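*Asks:* Before I ask anything, let me first share the structure, which is written out below as structure tokens.
The values are calculated or read from the model by the stated rules, or taken from the named source; none is laboratory data. Fair warning: this is a prediction, and the values are worked out from it, not measured in the lab. Here the Cβ positions follow ideal geometry from the backbone for every residue, glycine too, while neighbour counts run over all protein chains shown. Surface accessibility is based on the protein's heavy atoms, side chains included, excluding ligands, DNA and RNA. Shrake-Rupley method; radii C 1.70, N 1.55, O 1.52, S 1.80 Å.
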Amino acid sequence: MMHIAVVGLGEAGSRYATALAAAGHETTGFDPGSVATPDGVHRAADLAAAVRDAELVLLLTSASMSVRLAAQARPDLAPGTCWADLTAASPATMAEAAEVFADAPVPFADVAILGTVPLTGARTAVVASGPGGPTVAGVLQGLGAPVELLTSPPGAAAVRKLLRSVLMKPLALVICEAVEAARAAGCEEWMREQITDQLGADGPVMIDRFLTGTWQHAERRSAEMRATVGHLDSLGVPSEMSSAAEQALLRLVRTRSSASCEPASRS
């Protein structure tokens, strides 16, 4: 068992922290917000206290904090501590975060989460790259997660996440639009059945998750799609669908700013 710090106890971080503690790891959590402390997790007062004695740190904050928190935590990390960035940072940002530890004995792992943590928790599939990848893989596999380990530098896993976004973000938006249109036409149940026929047994759960998650996380997902479009442009690949998805998500962000409630799901 290891001493593991989870930085960020939000929707994803709380689930990882809970699973780690339940698996017998000594788990410390830190979040500056007023979020609840998961069962079995020791809540640290600040970042330094959270990471000081940890053998592995899992960063599960917004991508915008990736580099800043790496630099802030570096002086308090013990030699050999693995720093694993599980944010949705772009490949360039992951490489920049890894550079913070370039001359330190701290192996860095770029970890891309390839699924919906609120649905599958710490068992959600991931891809990992960077020198800290094997350490993270061992821990997450112990929690039941499928792990693809790349023998590539930090940023390679983030590229896989962007490429997956080309499929998943537009798919979620299409399903949201189809259900909204069918609701307006008075045949929502029929549309849900049509979608489930295509998605299989998990269809009903995925539909509700797409409806709520796309709305709730529109700002973060629009940033992911902006990074995705940039990466496709660098590859010389057309990005019409990804660009449209980014614009649709930005529209939801604007709608959220003036709305008092979220679209209803049937959870």
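*Asks:* Rounded to the nearest 500, what is the chain's calculated 222 nm mean residue ellipticity when only DSSP H runs of at least 4 contribute -39500 (n - 2.57) each, over all residues?
*Replies:* Taken over the chain, the calculation gives -16500 deg cm²/dmol.
*Asks:* Next question. Let's test the formula: R0 of 35 Å, r as the Cβ-Cβ distance of Asp103 and His217. What FRET efficiency results, to the nearest 0.05?
*Replies:* After rounding, the FRET efficiency stands at 0.50.
*Asks:* Related question: Between Ala109 and residues 5 or more places away or on another chain, which pairs have amide H atoms under 5 Å apart, with H built 1.01 Å from N, and which residues are they?
*Replies:* For Ala109, whose amide H was placed from the backbone, the distant partners under 5 Å are Trp83, Ala84, Asp85, Gly132.
*Asks:* If one takes the longest principal axis of the Cα atoms in the chain, at what angle in degrees, from 0 to 90 and to the nearest 10, does the Cα axis of helix 218-235 lie?
*Replies:* Helix 218-235 sits roughly 80 degrees off the main axis of the chain.
*Asks:* Could you tell me which residue out of Cys187, Thr87, Met65 lies farthest along the dipole of the chain toward its positive end? Charges go on the beta carbon: Lys and Arg +1, Asp and Glu -1, centred on the Cα centre.
*Replies:* Cys187
*Asks:* Within the accessible area of the stretch 3-152, what % is carbon and sulfur when the probe is 1.4 Å and the other protein chains stay in place?
*Replies:* Exposed carbon and sulfur together represent 52 percent of the surface.
*Asks:* Keeping every protein chain in place, order Trp190, Trp83, Trp215 by accessible area at 1.4 Å, biggest value first, i.e. largest first.
*Replies:* Final ranking, largest accessible area leading: Trp190, Trp215, Trp83.
*Asks:* What translational diffusion coefficient, to the nearest whole µm²/s, does the chain have by Stokes-Einstein, given a Kirkwood radius computed over alpha-carbon pairs, a temperature of 25 °C and 0.890 mPa s viscosity?
*Replies:* Diffusion coefficient, whole number: 127 µm²/s.
*Asks:* Which of Ser14, Ser257, Ser242 moves most in a GNM of the chain, Cα contacts under 10 Å?
*Replies:* Ser257
*Asks:* Oh, and also: What figure, in Å² to the nearest 10, do you get for the accessible area of Leu250 with a 1.4 Å probe and non-protein molecules left out?
*Replies:* Surface accessible to solvent at Leu250 totals approximately 50 Å².
*Asks:* Ignoring solvent entirely, what values of log10 I(q)/I(0) come out of the Debye formula for the stretch 158-260 at 0.18 Å⁻¹ when each Cα is a single scatterer?
*Replies:* -0.89
*Asks:* To continue, here is another question. With a point put 7 Å past each Cα toward its Cβ, work out how far Glu11 is from Ala184 in nm, to one decimal.
*Replies:* 2.5
*Asks:* Which residue, chosen from Leu77, Leu56, Ala45, occupies the Cα position most advanced towards the positive end of the dipole of the stretch 44-104, where the dipole is computed from +1 (Lys, Arg) and -1 (Asp, Glu) charges on Cβ about the Cα centre?
*Replies:* Farthest towards the positive end: Ala45.
*Asks:* Before I look further, what does the stretch 3-152 give for accessible area per residue, probe 1.4 Å, in whole square angstrom?
*Replies:* 39
*Asks:* Here's a follow-up. Hey, got the dipole for the chain? About the Cα centre, +1 on K and R Cβ, -1 on D and E Cβ, debye to the nearest 20?
*Replies:* 240
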